[in-house]
Amino acid sequence: MTTRRFSRARLPIAAVAVALLASGCSLLGGESGSDGAQQGPGGVEKAKIKVGVLPVVDVAPFYRAIEQGYFKEQGLEVEAQVMASGPASITGVINGDVDIAFASYPAPLLAQSKKLAEFKIVADALSAKPGHLVVVTLKDSAFKKPSDAPGKRIAITGRNSFTDLAPMSVLKNQGVDYNQVKWIEMPLPEMMGALQKGDVDAAVMVEPWVTNAMKKIGAVPVFDGASGPTAEIPMSGYVAIGGQGKFASTSPNTIAAFQRALAKAHAEATDRSKMEPMFVKYAKIDQQTAQLVTISTYSTSLEANRIQRVANLMEEFGVIKGHLDVKTMIPNGSAGK
């Protein structure tokens, strides 16, 4: 894998959004009720919703949908609540603190497999492109290629996350004994320092941390975690809780409205000029880094078979016991949207 050069023109612009849903742009009908919700067939059941998000590039189109009024076009008033962590986001949606939560897929899929709640995936967020999820090291490291991995100390955000599952899948596919890797958990902001101090031999980073590490400490890629069996793998999405009296069951029109607005923003994600301001404002990265970040795919469709790849990956490495059918997590009528 070659080292990325910091010239915008030379960096991959990888966002590929499929066509905007043909039915996704019309305003919802119905009259406004006393709570602001539109009543009647097709009207939203809950006009004001809270969405738990994290300060990551994955949610850039979500913020654009707010700023451009795409949710309001659909009769929704959306309040973004920045959560402290992925687990906090999952806990928030289970407890009802937020109606919808952004999450990296392994967390809700594992929780679903353990029957902690009845999770519903209401929208797909980001699928990895080359350069988004990368094992990096320092330039003078002896860790040059995947076959060097056994015996190495590699920083990850946590076990049973994409940061260990995806590299393990790549290593396994290349016949490398991933069981000989020592995975060391730490937050992403600490990984550059750990590399420089020699506490770890490599780190599994996602954007914009990949770009930051290359720019600030001269990190170089060893191999891409989203390649081979994990190429184009869906990384994250938006989830809600179903079941009797729960939002995902009582508010199908609201979810459909949310999907339409988000799809409109995702369809615009191929345009860097519309995403980079969101990266700077909400992912808290500087303008120069925003211009260099690899933009992955923001999907406008919700396809169970694609997300099933994540569940299958988790089953392959024993994170999920038995089989999890992702189709059961797609709200009725949402498949293919």
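Its residues counted as N, the chain yields a C-alpha radius of gyration over 2.2 N^0.38 Å of 1.00. Accessible area per residue was computed with a 1.4 Å probe on protein heavy atoms; Phe247 scores about 30 Å². Its Cα centre serving as origin, region 39-124 has a Cβ charge dipole (Lys and Arg +1, Asp and Glu -1) of approximately 200 debye. Where only DSSP H runs of four or more residues are counted, the chain gives -9000 deg cm²/dmol as its mean residue ellipticity at 222 nm, each run worth -39500 (n - 2.57).
Using C-alpha pairs below 8 Å separated by at least 6 residues, the relative contact order for the chain is 29 percent. Cross-link partners for Lys115 among the lysines, with Cα-Cα distance under 16 Å and sequence neighbours closer than 8 places in the same chain left out: Lys246, Lys321, Lys327. For Lys264, a cut-off of 14 angstrom between C-alpha atoms picks up these aspartates and glutamates, skipping any fewer than 8 places away in its own chain: Glu67, Glu73, Asp124. Counting only alpha carbon atoms, the long axis of helix 86-95 and the longest principal axis of the chain meet at about 20°. Amide H to amide H distances under 5 Å link Val122 with Tyr238, Val239, Ala240, where only residues 5 or more positions off or on other chains count and H is placed in the peptide plane. Of the residues Gly237, Gly96, Gly131, the one that moves most in a GNM of the chain with alpha-carbon contacts below 10 Å is Gly96. Roughly how many whole Å is it from the C-alpha centroid of region 279-336 to that of region 73-129? What the calculation gives is 11 Å, centre to centre. Please identify, among Arg64, Arg272, Arg260, the residue showing maximal mean-square fluctuation in a Gaussian network model of the chain using a 10 angstrom Cα cutoff. Highest fluctuation among the options: Arg272. Taking amide H as placed 1.01 Å from N in the peptide plane, the amide H of Gly243 sits under 5 Å from that of Ser249, each at least 5 places away or on another chain. Normalised by 2.2 N^0.38 Å, where N is the number of residues, the alpha-carbon radius of gyration of region 79-122 equals 1.05. Accessible surface computed residue by residue for the chain, with neighbouring protein chains in place and a 1.4 Å probe, gives 41 Å² per residue. Ligands, DNA and RNA left out, the accessible area of the chain computed with a 1.4 Å probe is 50% carbon and sulfur.
The values are calculated or read from the model by the stated rules, or taken from the named source; none is laboratory data. Keep in mind that this is a model prediction, so the values were computed, not measured. Virtual Cβ from ideal backbone geometry, glycine too; neighbours counted across all protein chains shown. Protein only, heavy atoms only, side chains kept; ligands, DNA and RNA dropped before computing areas. Shrake-Rupley method; radii C 1.70, N 1.55, O 1.52, S 1.80 Å.
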